[in-house]
Every structure is written in structure tokens, then in C-alpha cells.
Protein chains: 2
Amino acid sequence: MPSLPKGRQRQKQLYDAAARLFAAQGYHATSLRELAEALGLNKSSLYHYFDSKQELLYQLLDDYISEALAGIKSLCAGPRDPEEKLADFMRYYTRFYARDLDRLALLVNEVDNLEPRYRKVLEKKERRYLAALTDILDQLREQGRLKEVPSTVAAFAFFGMVHYTFRWYRPKGKVSPEELSEMFWEIFGRGVLRPQEGA
Amino acid sequence: MPSLPKGRQRQKQLYDAAARLFAAQGYHATSLRELAEALGLNKSSLYHYFDSKQELLYQLLDDYISEALAGIKSLCAGPRDPEEKLADFMRYYTRFYARDLDRLALLVNEVDNLEPRYRKVLEKKERRYLAALTDILDQLREQGRLKEVPSTVAAFAFFGMVHYTFRWYRPKGKVSPEELSEMFWEIFGRGVLRPQEGA
DNA sequence: GTCTATACTTTGATAGAC
DNA sequence: GTCTATCAAAGTATAGAC
């Protein structure tokens, strides 16, 4: 653990508290007064750390999305078997978000609350998630190993599964993030039904 | 089309406009002034139709959820084959929301913005969705036709797929709600991968 | 880096005339 | 059923002392 300089430490506390409050109550439903109280600060003092509430939200979201994207990039490189890539992608993606549901809730719910100039930057990065996944699916399709379902539908079906976890899943519960990621991969790849003899 | 009495017509217009605005911008980001303008009304006039903004949101959500629940109930009754029930449930559920994404966006995003006394009522009804689906899954499990995945995980994986559609799916696009419902059923039941000879 | 004080805007909501 | 007028509260943000 490299210890942060004191100024940065405070900033990290602030970001963490903001993420927690925004995730639990929503961006608009959380006032800066509330955030300041959570930190034991006066509300005016917050403006030492950011220029506006909008910019604060943007900083949070951009950090998260960039981190996830960096992890995905390395998975997709190289000429490995596409089914292995797909499995890795889905396991990584599921675990990444299952471990920090606050981040997930923010990314799923609050991007819309950004002004266009901020939002456009993030949406561009989100499209790179999507492209990474559809590319793998298209590789599988070329090899005749994917069913006749559009790649975008399949990709969004998966993103839906994962992005919805913040509404019900709890990483400390009976199912660990690792187990969850295996279950999602099994469901997405082979379905929940046990193959029947006669079929 | 039975024509509504004039008072009720106005009320329906108001509900529709509110649903559209809340879905597009979010509950907190939409002011009553904005809603009044969309209807060509003075903002004070709105209070003839509801007592508070909270109550307006609650009325909208309760209408939607009750309608969906009524449809599901009839599907689940009777001693039919559980796999057929499952397919019917998923087709019905997917089409219901794929046809009206504004409703879906509201139900997924805005329930949290209700005061506890309102929210609790809706969450109770939502749990009945979930119970209806897990019951069917458990019936399949008893017959050895479901894989070793917890019913709640499977159920939420499906809800995730469907509930996320409001972020990307457009019913007027290349894939109709009917086609989408078939695709989701195929993915959820049998997966996206084509079964291989050697496996 | 944190505070006090305050400016400015918008919001949800009410009272009462027509 | 719709309007005008008005209110209190809460919101974001700024200026300037320490």
C-alpha cells in the first residue's frame, strides 16, 4: 500500500463518499450539503476539490469506465480461440462490477445526468465495450459456432445480466463474484435448461 | 375504443406526458413547470390532478406494475408443462416491456425515488414477479430439467436482460418485440453457442 | 484547506379569484 | 378546471477572512 499524500487522501475520501451517496440516492437526490456533512466539512469547502457538481460526477464516472476498459483491452488482444476470449471477457466483466456495485450503479444510472459535453466522452468509451464484445461474437459466428442471433442483441443481453446485478446481488452473500461469473457464462453460453436425451 | 369522459382524457394526457418526461430525464431532473408547459397548462393547475409530485410518480408506477402482474398471473395458473410456462412467461414479459420502453425505464430507474411508504407497496408487487418466475424454475428443477444454478440467479439474469432493453432496444428497429422475445428465450434457455459435434 | 456569509436560482406547493 | 400571485425551502455556487 503506497500511502497517498495528504491532499490526495482527502480527495479520495471525497470521491468515495460521493460515489456511495450518488449510488444509494441518485445524483440529483444527493445535495452537496449532504456530501459535506458525510465528510465533516462545510459545504463551501467542497469547492476546493472540484469546480462543480457536474464535474465531480464526470470525474467519478470517467475513472471507473477507463479502468474497466483497460482491463478489457488486454483480454481481447492476441489470436486466441474466440470462445476462450468470450469466456474470459465475461468472467472479467462480471467480477469487475460484482465486486463494486456502487460503481456499477453509478455507471448504469447516472450517465444520463451529465451535460452533453461530458456525456459524449463517456458514451464513446462505452461503445468500445460493446465493440469489443461484438467483435468476439462475430469471430465465433464466422466459425459457425454462434447461433443465428444478432451480435448486438447477444451483447446487450449479457450487459443486461451484469449491469442489473446492482439491484439484487450482494458480494458478501451465498454466491461469490467468482461463482456468479461462472453462472453467467454458463447461462449465456449454454442456457439454463439441462440438455435432454431425446432432443 | 370507448371514449373517455373529458376530465379523464385530460388526466390521461397528463400521465402520458409525465411518463415520457420522467423516463427521458428522470424524476428529479423534471420539474412540474416543465410538465405543465408540455401540456400547455399553468403549473398551479397541475395540482387539480394530483396532490404532490411524489403521488404522481406513485400512481404511474403502480398502474404499470399492476397491469404487468395481472398478465403474468394468468400465465402461471394451471398444471401445464413447466418448460412451456417458462417460455410463455418470458415471451409475455419481454414483449410487454419491449413495446413500452418508457414504462420500463420508469419502473427500473425511479422506484428508488419514492418515499418509503409508497416504495414498499411496489416492492411487494415486484417480489411477486420474482416469485412467479422462481416457482416455475423450481418446478423444472424437480424434474431434473434445470442446470445447477440457483433459481434467484437465473431469474435475475433474465430480468436483467429484459429490464436493460430500455437502454438500447428500439421497437421500430430491425428486431421486432416478438423476435426479441424469441431470441431472449433461446439465449436464456439454450445459450448463444451452437452445440458442437464433439461436445 | 477550511470557514462564515451571502447571492442567486429553481423548486414544490398553497391561497384565492374567476 | 384554470389562472395570478405568492411562499418557504433547498439547491448550487461565489467572495473573502483566517
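The values are calculated or read from the model by the stated rules, or taken from the named source; none is laboratory data. Everything quoted here is computed from the prediction, not taken from an experiment. We place every Cβ from the backbone using ideal geometry, glycine too, and count neighbours over all the protein chains shown.
Has the stretch B:127-134 got any residue that is out of contact with any Cys (no Cβ under 7 Å at 6 or more places or on another chain), crowded, with 20+ Cβ neighbours inside 10 Å and either modelled with pLDDT of 95 or more or assigned by TED's automatic domain parsing to the domain that holds B:E67 (or both)? Yes: one or more hits.
Here B:P171 clears all of (1) within 10 Å of chain A (Cβ to nearest Cβ); (2) at pLDDT 95 or above; (3) over 14 Å from B:Y93 (Cα atoms) except the condition numbered (1). Return the residues of the stretch A:184-195 that are facing chain B (nearest Cβ under 7 Å) and either surrounded by 21 or more Cβ atoms within 10 Å (Cβ to Cβ) or in a loop (DSSP other than H, G, I, E, B) (or both); say none if nothing qualifies. Residues satisfying the conditions are A:F184, A:I187, A:F188, A:G191, A:V192, A:R194. Quick check on A:A36: is it under 30 Å from B:F156 (Cβ atoms), of a type in the set (A, V, I, L, M) and outside the structural domain of A:R145 (by TED's automatic domain parsing)? Taking the combined requirement at face value, the residue does not satisfy it. Go through A:R80, A:R91 for me and flag whichever is surrounded by fewer than 19 Cβ atoms within 10 Å (Cβ to Cβ), of a type in the set (D, E, K, R) and not in a helix (DSSP H, G or I). Criteria check complete, one pass: A:R80. So which of A:L75, A:L69, A:L86 is closer than 25 Å to A:A131 by Cβ and in contact with a strand residue (DSSP E or B) (Cβ under 9 Å, 6 or more places away or on another chain)? Result: A:L86 is the single residue among A:L75, A:L69, A:L86 that is closer than 25 Å to A:A131 by Cβ and in contact with a strand residue (DSSP E or B) (Cβ under 9 Å, 6 or more places away or on another chain). Condition first: under 22 Å from B:Q196 (Cα atoms) and either in contact (Cβ under 8 Å) with a residue 60 or more places away in the chain or within 7 Å of chain B (Cβ to nearest Cβ) (or both). Can you find one or more residues in the stretch A:105-121 that meet it? No, there is no match, as no residue in the stretch A:105-121 is under 22 Å from B:Q196 (Cα atoms) and either in contact (Cβ under 8 Å) with a residue 60 or more places away in the chain or within 7 Å of chain B (Cβ to nearest Cβ) (or both).
Cβ-Cβ contacts under 9 Å between residues 6 or more apart (or on different chains), taken from a first residue in the stretch B:5-21 that is at pLDDT 95 or above and loosely packed, with under 14 Cβ neighbours inside 10 Å to a second residue that is not in a helix (DSSP H, G or I) and not hydroxyl-bearing (S, T, Y), are listed as B:K12/B:L4. Every listed requirement among (1) surrounded by fewer than 21 Cβ atoms within 10 Å (Cβ to Cβ); (2) among the β-branched types (V, I, T); (3) within 13 Å of chain B (Cβ to nearest Cβ) is met by A:I72 save one, (3). Has the stretch B:55-71 got at least one residue that is among the hydroxyl-bearing types (S, T, Y) and either near DNA strand C (Cβ under 10 Å from one of its atoms) or over 29 Å from B:E178 (Cβ atoms) (or both)? Scanning the stretch B:55-71, I find at least one residue that is among the hydroxyl-bearing types (S, T, Y) and either near DNA strand C (Cβ under 10 Å from one of its atoms) or over 29 Å from B:E178 (Cβ atoms) (or both), so the answer is yes. Within the stretch A:22-54, the only residue that satisfies the criterion of being farther than 19 Å from A:R8 by Cβ, more than 25 Å from the chain's Cα centre (by Cα) and more than 12 Å from DNA strand C (Cβ to nearest atom) is A:E34.
Restricting attention to the stretch B:135-166, the residues that are crowded, with 19+ Cβ neighbours inside 10 Å and outside any helix (DSSP H, G or I) total 2. Taking first residues from the stretch A:26-42 that are touching a residue at least 40 places away in the same chain (Cβ under 8 Å) and partners that are more than 10 Å from DNA strand C (Cβ to nearest atom), the Cβ contacts under 7 Å between residues at least 6 apart in sequence or on separate chains come to A:G26/A:N109; A:G26/B:D112; A:G26/B:N113; A:Y27/A:L57; A:Y27/A:E110; A:Y27/A:N113; A:H28/A:N113; A:H28/B:G26.
Just one of the listed residues (A:V111, A:V121) is within 17 Å of the chain's Cα centre (by Cα), among the β-branched types (V, I, T) and over 22 Å from B:Y27 (Cβ atoms), and it is A:V121. Can you tell me which residues in the stretch A:46-67 are small (G, A, S) and either near DNA strand D (Cβ under 8 Å from one of its atoms) or not in a helix (DSSP H, G or I) (or both)? Matches in the stretch A:46-67: A:S52 only.
I need the full set of residues from the stretch A:138-168 which are more than 25 Å from B:V108 (Cβ to Cβ) and facing chain B (nearest Cβ under 10 Å), in order please. A:L140, A:R141, A:Q143, A:G144, A:R145, A:L146, A:K147, A:E148 - these are the residues of the stretch A:138-168 that are more than 25 Å from B:V108 (Cβ to Cβ) and facing chain B (nearest Cβ under 10 Å).
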